[in-house]
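Report on the following structure.
The values are calculated or read from the model by the stated rules, or taken from the named source; none is laboratory data. A quick note: this is a predicted structure, and the numbers were derived from the prediction, not measured. Here Cβ is always computed from backbone atoms with ideal geometry, including for glycine, and neighbour counts include all displayed protein chains. When the accessible area is computed, the model is the full protein with side chains, heavy atoms only, and any ligands, DNA or RNA have been set aside. Shrake-Rupley method; radii C 1.70, N 1.55, O 1.52, S 1.80 Å.
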Amino acid sequence: WIERMSIVRNITAFLLRHPDRHFGDLRRQQFVMFNNEPMLIDFGDVKLTADRTATSLHHARRIYDDFLDNFERVGAPGDIDRELDELELIARQGLLTVEKIQSTIDGIVK
């Protein structure tokens, strides 16, 4: 579980370093592991954008759907249910951002 969250953390860190890029086809199949780090391999649907809020919401939805939803609780420590419930609620409301995913993972993976 910690390794899986570390992969998601690395992906969100990459996205936060490039807030002006909209990755339209962001999904699990677009990454390979290299030296124990996820590497994006498909840049075919990348655009520059000034709307960083919409981009963060889009990226967060894709990360949540492909990397977290239905997987985040498998093997997770029992004492983080509140944090995972909050992520799930925010995702369902359409308000989840990359920053929120990053800060939640940082708070639960020491």
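Points worth noting:
- Of all residues making up the range 79-110, the number that are hydrophobic (A, V, I, L, M, F, W, C), part of a helix (DSSP H, G or I) and surrounded by fewer than 16 Cβ atoms within 10 Å (Cβ to Cβ): 2
- Test: residue in the range 9-20 that is touching a residue at least 60 places away in the same chain (Cβ under 8 Å) and not aliphatic (A, V, I, L, M): yes
- Listed by first and then second residue, the pairs linking a residue in the range 83-110 that is closer than 19 Å to GLU3 by Cα to a residue that is of a type outside the set (D, E, K, R) and open to solvent by 80 Å² or more (accessible area, probe 1.4 Å), with Cβ atoms under 9 Å apart and 6 or more places separating them unless they lie on different chains, are VAL109/ILE2.
- Taken together, THR49, THR55 contain a single residue that is of a type in the set (Ser, Thr, Tyr), farther than 18 Å from ASP106 by Cβ and under 14 Å from the mean Cα position of the chain (by Cα), which is THR55.
- Contact map, the range 44-56: first residue hydrophobic (A, V, I, L, M, F, W, C), second residue in a loop (DSSP other than H, G, I, E, B), Cβ cut-off under 6 Å, separation 6 or more or different chains; pairs are LEU48/ASP20.
- ASN70 meets each of the listed conditions (1) open to solvent by 70 Å² or more (accessible area, probe 1.4 Å); (2) farther than 25 Å from LEU95 by Cβ apart from (2).
- Residue ranges of strands (runs of 3 or more DSSP E) in the range 1-67 with at least 1 members exposed (fewer than 15 other Cβ atoms within 10 Å of the Cβ) and out of contact with any Ser or Thr (no Cβ under 8 Å at 6 or more places or on another chain): 31-34, 37-40, 46-48
- Where ALA76 falls short, out of the listed (1) touching a residue at least 40 places away in the same chain (Cβ under 8 Å); (2) surrounded by fewer than 14 Cβ atoms within 10 Å (Cβ to Cβ); (3) not in a helix (DSSP H, G or I): (2)
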